[in-house]
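The values are calculated or read from the model by the stated rules, or taken from the named source; none is laboratory data. Owing to the predicted nature of the structure, the values given are computational and were not obtained by experimental measurement. Glycine also receives a Cβ, built like all others from the backbone with ideal geometry; neighbour counts cover every protein chain displayed. Accessible surface areas use protein heavy atoms only, side chains included; no ligands, DNA or RNA. Shrake-Rupley method; radii C 1.70, N 1.55, O 1.52, S 1.80 Å.
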Amino acid sequence: KDSAVTLFENSVACIGSSICQIGILDSQNLLKKCVMEVKKENFAAEVLPTVYISGCPSSCGMHQVSEIGFRGAMKKIDGELKEACTIFVGGCEYRGAEKLGEIKKAILAENIPSFLIELGRKIASQNTTFKKWIKKNEEELNLLIEKYAQWFLKEVVLKNVCH
């Protein structure tokens, strides 16, 4: 009963900053939060893909070769360091079809569960899977990423203008 049921619940994260001396992001904790929040939505098994999370620019979590990957970083907002992730989209790890994902924008790690839920709702509303949905809706994904990155960018711009 406590095993992974969906593709998303099979997501992978590196060991993360709680153990790794190089790690920046607590990737294990981020993955746990994402799975717990997304599980509440009861999406069909293939709505969201398996996600890969690396806690730093190293690729221990293989973020570059996943359909959706996150690479950890720290961003300073109002003098406070916050965990953030750069999103990678469109990677593939399968032999003969290997491909690095396209680097997108960074969003705060605390907002990633909400981002994934909103993405899952968009896909579920069309009664499809991420794999099929992304072929026709890449621009919609980019707009969603932009929406979550905008908050981050506004905070940085305001900080730079005010101080």
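Do we find a residue being on the phi < 0 side of the Ramachandran plot, out of contact with any strand residue (DSSP E or B) (no Cβ under 8 Å at 6 or more places or on another chain) and not aliphatic (A, V, I, L, M) anywhere in region 66-76?
no
Within region 94-110, track down each residue that is surrounded by fewer than 17 Cβ atoms within 10 Å (Cβ to Cβ) and either more than 17 Å from the chain's Cα centre (by Cα) or part of a helix (DSSP H, G or I) (or both).
94, 95, 96, 97, 98, 99, 110
So which residues in region 72-93 are acidic (Asp, Glu), in a strand (DSSP E or B) and under 23 Å from residue 14 (Cα atoms)? Break it down stepwise before answering.
Pass one, region 72-93, residues acidic (Asp, Glu): 78, 80, 83, 93.
Checking the rest, the ones that are also in a strand (DSSP E or B) come to 80, 83.
Residue satisfying the conditions is 83 alone.
For the condition outside any helix (DSSP H, G or I), over 20 Å from residue 146 (Cα atoms) and not aromatic (Phe, Trp, Tyr), what is the one hit in 69, 61? Walk me through it before giving the result.
Details: 69 fails: over 20 Å from residue 146 (Cα atoms).
The match here is 61.
Give the residues of region 1-15 that are crowded, with 20+ Cβ neighbours inside 10 Å and either touching a Lys or Arg at 6+ places or on another chain (Cβ under 6 Å) or aliphatic (A, V, I, L, M) (or both), sorted by residue number.
Hits for region 1-15 are 7, 13.
For region 1-35, name all the residues that are without any contact (Cβ under 8 Å) to a residue 12 or more places away in the chain and not hydroxyl-bearing (Ser, Thr, Tyr).
1, 2, 4, 19, 21, 32
Which count do you get for residues in region 17-40 that are open to solvent by less than 60 Å² (accessible area, probe 1.4 Å), in a loop (DSSP other than H, G, I, E, B) and over 19 Å from residue 106 (Cβ atoms)?
Selection size over region 17-40: 1.
Confirm whether residue 58 is open to solvent by 20 Å² or more (accessible area, probe 1.4 Å) and within 16 Å of residue 14 (Cβ to Cβ).
For residue 58, the condition - open to solvent by 20 Å² or more (accessible area, probe 1.4 Å) and within 16 Å of residue 14 (Cβ to Cβ) - is met.
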